[in-house]
Amino acid sequence: MFKSDATRDDLNVQHVGYGVLVSVENTRASASSGDDETLWLSPDQLRDWVSLVELLSTLPPAMDAQLKRDAGMNSFEYHILAVLAEAPDRTLILSELAPLAQGSLSRLSHAITRLERSGWVERRSCTVRGGRRAEAWLTDAGLAKLEKTAPGHVREARRLVVDVLTPGQFAALGDAARTINAALTAGPAECTDS
C-alpha cells in the first residue's frame, strides 16, 4: 500500500481505498465549513487498525486453504457441520442454522446443496408451529468427516493464531472479539440528517 510506514505516518493517512488518500490536514480544512470535525485515529490507533484489517483479510483465506486442501470443504461448510454436530439430534431448521453458521439463508442453501452431494448433510422437510420448513441433518458420514477434519483444522488454528500469542494475548484477543461482536449485533448507529 505504502512504500514504508514512514510515508503513512508523514501523511497521517486515515483512509486508504480506491487509490484515494485522505489526510488529517485535508479533512480538517473541509470540516471547518461547519460540520463536526472527524475524530481521527492517533498514529498508534491507526497502526493497530491497519494490522486488524490485514488480519481480517489474510486469516480467513489461510484457514479456508487448509480446509480445502485437507478436507475438500471451505470454512463456512466446516462451520455448518460443527454447528449441526452440537445441535439436538444433529438437526436444525435452516432459518435457525443460518445465523448460527454466520451466513444468509441463500448462502446456507447453496452450501447445504454441496454438503448433500458429499453425503455429509441431508435436507428434510419438517412441520414447525403449523408451517412447513426445511431442516438440515448431519449424517453419520458428515459426523465422521467432521471428526476426521477437526484435528487438522485445530492444528492450523494453533499454528496461525493460538501458539503465536501468549496466553494473555490470546485471552485479550478473545475479549476484544466478543466486545466487537456485541457492538456488531447491536446494530448500526442511527443516521443523522445533514
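The values are calculated or read from the model by the stated rules, or taken from the named source; none is laboratory data. Every value quoted in this text rests on a predicted model; they were computed, and no experiment measured them. Reconstructed Cβ throughout: ideal geometry from the backbone, glycine too, with neighbour counts over all protein chains shown. With ligands, DNA and RNA removed, areas are computed over all heavy atoms of the protein, side chains included. Shrake-Rupley method; radii C 1.70, N 1.55, O 1.52, S 1.80 Å.
Checking each residue in the range 15-67 for being at pLDDT below 85 and polar (S, T, N, Q) picks out 23, 26, 27, 30, 32, 33, 38. Consider only pairs whose beta carbons are under 7 Å apart and that are at least six residues apart or on different chains; among these, list those whose first residue lies in the range 38-61 and is in a helix (DSSP H, G or I) and whose second residue is surrounded by 12 or more Cβ atoms within 10 Å (Cβ to Cβ). Pairs that qualify, where the first residue is in a helix (DSSP H, G or I) and the partner is surrounded by 12 or more Cβ atoms within 10 Å (Cβ to Cβ), are 43/9; 46/14; 49/41; 59/160; 60/75. Look through the range 71-94, keep the residues that are out of contact with any Asp or Glu (no Cβ under 7 Å at 6 or more places or on another chain) and over 15 Å from residue 120 (Cβ atoms), and return whichever of them is least open to solvent (accessible area, probe 1.4 Å). Within the range 71-94, the match that is least open to solvent (accessible area, probe 1.4 Å) is 88. Against the condition under 20 Å from the mean Cα position of the chain (by Cα), among the acidic types (Asp, Glu) and either at pLDDT 95 or above or open to solvent by 50 Å² or more (accessible area, probe 1.4 Å) (or both), how does residue 140 come out, does it pass? It is false that residue 140 is under 20 Å from the mean Cα position of the chain (by Cα), among the acidic types (Asp, Glu) and either at pLDDT 95 or above or open to solvent by 50 Å² or more (accessible area, probe 1.4 Å) (or both). With respect to (1) more than 20 Å from residue 60 (Cβ to Cβ); (2) among the aliphatic types (A, V, I, L, M); (3) open to solvent by 50 Å² or more (accessible area, probe 1.4 Å); (4) at pLDDT below 95, the lone exception for residue 134 is condition (3). Within the range 45-70, the set of residues being open to solvent by less than 90 Å² (accessible area, probe 1.4 Å) and within 20 Å of residue 176 (Cα to Cα) comprises 46, 48, 50, 51, 52, 53, 55, 57, 58, 59, 60.
Taken over the range 85-102, the residue count meeting the criterion of being in a loop (DSSP other than H, G, I, E, B) and within 14 Å of residue 142 (Cα to Cα) is 1.
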